[in-house]
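The values are calculated or read from the model by the stated rules, or taken from the named source; none is laboratory data. As the structure is a prediction and not an experimental result, all values here were calculated from the model. Note that we place each Cβ from the backbone using ideal geometry, even for glycine, and neighbour counts take in every protein chain shown.
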Amino acid sequence: MIVKAAAPGLQVPKEDSPRAYITDAEAVDVPRSAYYLRIVGDGDLVEVDEAASVKTNAKKGAE
């Protein structure tokens, strides 16, 4: 699994649920499938540091 978030301003459909989206608001774990690797190559998904992701999510919960 790799931790990814959508590039700023984008919504990326999930592989197994195309009506659910990965956004830039929250990082998610995605498998290393051809679908996600292609989207990463296109620049629509960007890698997120897990520690930074946890800090970001903790901040959002505090607001």
(request) Would you list the strands (runs of 3 or more DSSP E) that sit entirely within segment 1-55 and hold 1 or more residues that are modelled with pLDDT under 90? (result) 2-6, 45-47
(message) Being surrounded by 10 or more Cβ atoms within 10 Å (Cβ to Cβ) and either touching a residue at least 24 places away in the same chain (Cβ under 8 Å) or touching a Cys at 6+ places or on another chain (Cβ under 6 Å) (or both) is the filter here; which residues of segment 33-43 pass it?
(response) Y36, I39, V40
